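Below you'll find the structure I mean.
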Number of protein chains: 2
Amino acid sequence: MTFTSAVFDVETIELAGTRESIVRGGRHLFPLLPTALEGVDQIGVIGWGPQGRAQALNLRDSLADTAIEVVVGLRAGSSSRAEAEAEGLRVGDWLDVVASSQLVILLVADAATANNHEAIFERLQPGATLGLSHGFLVGHLRTVGASFPEDVNVIGVCPKGMGDSVRRLYLQGREINGAGINASFAVHQDVDGRATERALAWSIGLGSPYTFQTTLDSEYRSDIVGERAILLGAVHGIVESLYQRYRVEGDEPERAFARSAEAVTASIAPTISRDGLLGVRNAFEGEDLAAFDRAYAAGYGPFRDLVAEIYDEVDSGNELASVVLAGARLATSPMQPISGSPMWAAGASVRAARQEAAAAVSDPYTAGIFLAAMVAQVDLFAERGHPWSEIVNESVIEAVDSLLPYMHARDVAFMVDNCSTTARLGARKWGPRFSALLDQVISPIADNGLEISVTAAKDFGQHPVHVVLERLATLRPSVDISVG
Amino acid sequence: MTFTSAVFDVETIELAGTRESIVRGGRHLFPLLPTALEGVDQIGVIGWGPQGRAQALNLRDSLADTAIEVVVGLRAGSSSRAEAEAEGLRVGDWLDVVASSQLVILLVADAATANNHEAIFERLQPGATLGLSHGFLVGHLRTVGASFPEDVNVIGVCPKGMGDSVRRLYLQGREINGAGINASFAVHQDVDGRATERALAWSIGLGSPYTFQTTLDSEYRSDIVGERAILLGAVHGIVESLYQRYRVEGDEPERAFARSAEAVTASIAPTISRDGLLGVRNAFEGEDLAAFDRAYAAGYGPFRDLVAEIYDEVDSGNELASVVLAGARLATSPMQPISGSPMWAAGASVRAARQEAAAAVSDPYTAGIFLAAMVAQVDLFAERGHPWSEIVNESVIEAVDSLLPYMHARDVAFMVDNCSTTARLGARKWGPRFSALLDQVISPIADNGLEISVTAAKDFGQHPVHVVLERLATLRPSVDISVG
C-alpha cells in the first residue's frame, strides 16, 4: 500500500523487508491543517467516551488558531454534556451535529453505532466525510447487508492507544514536540479525492507521532483480535494463572502479585518501551536466563495456536455474532465484576505499598511467558498479511505505552471491568483460555521438559520484530508516560 | 409430544406437571423386534467408534434369534476391521453396506458425516431408514443448505451415555433385566409410517430401560450444550479450579485432588445415582451444611448465565461454525493434551492408592458448587422448552451413571483428551470459563458474602428436579455401574 499527499511529507520506511508509506506528525504541522481540511468549517465529534473526549479536545486545541470549529454531538439528556461544556466545547444534539458538520467523527459505542447508523447516514451532508476510529461499522454493515451512503467519504483514523493516553500524551507533546499515540489511517471511500488529506490532517491534529496506512478491514481484525489477546485478554489470563502458580509455590499474596501482574506492568512493559523486547531478555543471566528461555519456548506454540483461533473467530464473523447474542442476555443479567478474587485484593495492597524498588521486581518465568504471547501475536498477524506498522503498534507499542501503564495505575481487573462491552466480553471469553493453556499445557512443558510437539518459536534474538521496533522508535520522541 | 405404537406398550408419565409418552425396554421384548422392524433384513452400522461398537454388538445380540443381520460398514483400510470381525460381525465397505441395508445407522465422526453425507445419501435404498444417534447432521445440513433424500425415513435414537456404557450396562442387563442406558428417539422424516416402530425397536434392541420422545433439533441442542456444560466442560473446569483453591489453602496435591475431582467422581456422583440430588445435601450437617448452601447459592446464578451463553452459541450455529474453523487449524496443529499438569499427576497417585475409605471423601464446598452447575443446566434447559426426560437424562443421569464413573476410572483429563473432536473442542473452550467464573466471581461471593446481584437459586429442597429424578428412577433397575 502506498499513498501521496499534496500537503504533508510522505516518507517511505523499510520494515522487515517490506516498505510502508508514512507521515510524521508534530505541532509544527498544525498550520497546514486548514489546507488539508479545505471545505471543512465544522468537525462534529459524536460521543464523549474516552476517545470522544480525547479527540474533541486534541482537535480543538490543534485547530485553535483556525476558523474550523470542533462541536460535540450528544444524545438529548446525556450526562456528559456538562463535562464537555466545562471544557469550553459547544455541544449539540448528535444528529443535528451530524447534519451540520463537513467532517463527522463517529465515536459512540459499538451497540449505539449498530442501532443508529441509518439515522446517522440519512443526515450526512452530500460530500461530507464520515470518520471512524475502528472498523466495527464496516463489519456490522457487511453482516446486515447494508452499505455506506454513496456520496460521502469514509475514512478511518485509529489511534493505537486508549482515549486517556491520546489526550495525556498530546498534553505532554506541548513540552516534547511529537509526543503522542501513533495512529493508522484508512480510506474506505473517496468521492472527491480529498479523503487522504482529511484523514492525515485528523491524525496529525490528534498528535500522532506517525501515521501509517491500513484498511478498515485490516484494522478491525487486528484491533478486535489484539484486545482479546495481548492487549487485554492475554494479560489478564496470564497474570491470573501466574499468580495461582506462585501462590501454590508458597508465595504470600503480595509476593505472588508482585511476580505476576506487577512484574508485567511495572517491569516488563517499561523495559520493552525503553529497550525493546530484547531488553527484557538481556536483563537476565545464568539460571534466570535459562528460565526465561524455557518459558518462552514452551509458551510460543500454544499461544500462537490460540491467537490463530481468536483470529479465525473474528475473521469469520463468529465473534461479532457472539457479542450481539450477549447483548440480549446482558439486558437482563449484567456481567459480574471479576475483581473480587484474593489476587486483586493483594494488588490493592501492593499498590498501596508501591515504591520504586518494589516496582522493579521482575521474574524470568513471567517475562518469558508474556513475551511468548506477545511474539505469538506478532507472528500470527504477519502470517495473516497485516502491515508491520499495524502489527507492532497493535501487539507491542499500544500495550507498553498505553494499556499496561493504565493497568499499572488501576489494576488489570479494573481495566477488564471498565472497558467497552465488546472488549470486556472478549477479555472474559479469551482470558480464561490463556490461563488454562498456561496451567494445563505450557507450564507442564516448561517445568518437566515434556516432549509435546508444538509450533516452534523462531530464534528470539533474530526475530525481525526487534529491528522493526527499533526503526519505529526513531519516529517519535521518547516520553515517560504519565497516568492520572 | 405424544406417539403411538402397534407393537410396544406406550405409557404416559407425569413429570413436573408435564406429560410424556415413553416406552419401557427389557429383554422380554426382543421377540417383538422383528415385527417392529418388518421389511428390514439387514441393519448396517456405519463406523466403529465407541457408539458404533456398542450399538453393533448390542443389536447383534438382541437380534440373535432372528433373520435380521447386523453388518458393520467401514472405510477401506480401516484399522477397526480386525476388531469388528473378531467380534464375529460381518464387515463391508461402508458405502456398500449403506446400499445393502434397510436400516442404516450412521455413527461415524461428525467431520466424516459432514464431508460424506452426499455419497451416503446417494446410496440409500428408496424406502430405507437412516438412523442417527445425535442431531449433528440436521444442524450441518441446515448450515450448508442441504436436505435429506425425500424417499427415506430419518430417525434418531440417542443413548444418554457413552458407547462404553451402552455396551457394559447391556451386558449387565443379562443378569438384571432392564439394566441399560436410557435413550431418546426422534422421527425426523416418516415416508412409510414405519419410522416410529423402527426407532423404538432400535432403542429397545440397544437395551434402553426406557425411551422418550424428542426432536433431532432439541436433542442436538441439549447434547452439544450438555457436553460443554455439566457432562464434561463444567466438570473439568470446576475440578481444576477447586484443586487450585485447595492447594492454595495448603492442601498437599493428593488431598486437594481428593477434595475436588475425587469428591465429584467417587462421592457426589454415586450419591446422586443412589439417593438423588437431595441425598448429597442431606449427607451434610452443621457447618458443612452451611458451606454447601453458601456454595450452591453463590454458584447458581453465574453458572446459569454461562450455560445460557453456551446455549445461545449452540442454538445460533456459532458453536458449530467454530468447530468447522478449528478443523482446518487442527490439520496442521493438533490439540495438545491437558493432562500434564500437577493436578493429574496427583490423580494418578490417588487412583493408585484408592481404597473404599478414601473414595468416600466428600467436601461440602465442592458438592455445593457442582450441584449449582448441574441445577443451573436443568433450569436453563427447562426455560428453553426441553422435555423433562431429556433435561434430566442430559443433565443428571448421563453424568452420574455413565460419564462420571468413567472419569473416576480414567480421570477427567483423560476423558477430555480422548473424547470426540467436537466434545473435546467444547470442553477446552468452555471448561476454562467455568474455572474462571469460580475463581473470579463465585468463590469471592461464597467466601466474603459479596453483595453481587445474580440470578437467585430457587429453594433447593423444593426443586422439581428431585421428584422427576425419583419418578425416572422407577423406570429402571438399580445397577452398580462397572467400568472396565
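The values are calculated or read from the model by the stated rules, or taken from the named source; none is laboratory data. These figures come from a predicted structure and were not determined experimentally. Because the Cβ atoms are built from the backbone with ideal geometry, glycine has one as well, and the counts that use them run over all protein chains shown. Ligands, DNA and RNA are excluded from the accessible area calculation, which covers all protein heavy atoms including side chains. Shrake-Rupley method; radii C 1.70, N 1.55, O 1.52, S 1.80 Å.
How about segment A:275-328: which of its residues are over 30 Å from A:His134 (Cβ atoms), buried (at least 21 other Cβ atoms within 10 Å of the Cβ) and hydrophobic (A, V, I, L, M, F, W, C)?
A:Phe292, A:Ala295, A:Ala298
For segment A:416-437, enumerate the residues that are more than 10 Å from chain B (Cβ to nearest Cβ) and open to solvent by less than 20 Å² (accessible area, probe 1.4 Å).
Within segment A:416-437, A:Thr422, A:Ala423, A:Gly426, A:Ala427 meet the criteria.
Among the numbered criteria (1) under 21 Å from A:Arg174 (Cβ atoms); (2) without any contact (Cβ under 8 Å) to a residue 60 or more places away in the chain, which single criterion is violated by A:Ser80?
(1)
Follow-up. I'm trying to understand the selection: among the residues of segment A:226-236, which are assigned to a helix (DSSP H, G or I) and within 16 Å of A:His408 (Cα to Cα)?
A:Gly233, A:Ala234, A:Val235, A:His236, listed by residue number.
Do we have A:Arg24 as of a type in the set (D, E, K, R), open to solvent by 60 Å² or more (accessible area, probe 1.4 Å) and free of Cβ contacts under 8 Å to residues at least 40 places away in the same chain here?
no
Let me ask something additional. Can you name every residue in segment B:219-259 that is within 10 Å of chain A (Cβ to nearest Cβ) and of a type in the set (S, T, N, Q)?
Selection gives B:Ser241, B:Gln244.
Here's another thing I want to ask about it. Given the conditions (1) touching a Pro at 6+ places or on another chain (Cβ under 6 Å); (2) within 11 Å of chain A (Cβ to nearest Cβ); (3) not polar (S, T, N, Q), report the number of the one that B:Leu330 does not fulfil.
(1)
Filter segment A:91-118 down to residues that are open to solvent by 30 Å² or more (accessible area, probe 1.4 Å) and hydroxyl-bearing (Ser, Thr, Tyr), then give me how many there are.
Total satisfying the criteria: 1.
Which residue is farthest from B:Thr474 (Cα to Cα), if the candidates are limited to segment B:247-270 and must be surrounded by 20 or more Cβ atoms within 10 Å (Cβ to Cβ), in contact (Cβ under 8 Å) with a residue 24 or more places away in the chain and not aliphatic (A, V, I, L, M)?
Residue satisfying both the conditions and the ranking: B:Phe257.
Kindly list, by first and then second residue, each pair from a residue in segment A:437-448 that is closer than 16 Å to A:Phe370 by Cβ to a residue that is in a helix (DSSP H, G or I) and open to solvent by 20 Å² or more (accessible area, probe 1.4 Å), limited to pairs with Cβ atoms under 7 Å and residues at least 6 apart or on different chains.
A:Ser443/A:Arg245; A:Ala446/A:Arg294
Here are the criteria: (1) surrounded by fewer than 24 Cβ atoms within 10 Å (Cβ to Cβ); (2) in a helix (DSSP H, G or I); (3) in contact (Cβ under 8 Å) with a residue 60 or more places away in the chain. Tell me which single one A:Asp223 does not satisfy.
Among (1) surrounded by fewer than 24 Cβ atoms within 10 Å (Cβ to Cβ); (2) in a helix (DSSP H, G or I); (3) in contact (Cβ under 8 Å) with a residue 60 or more places away in the chain, A:Asp223 violates only (1).
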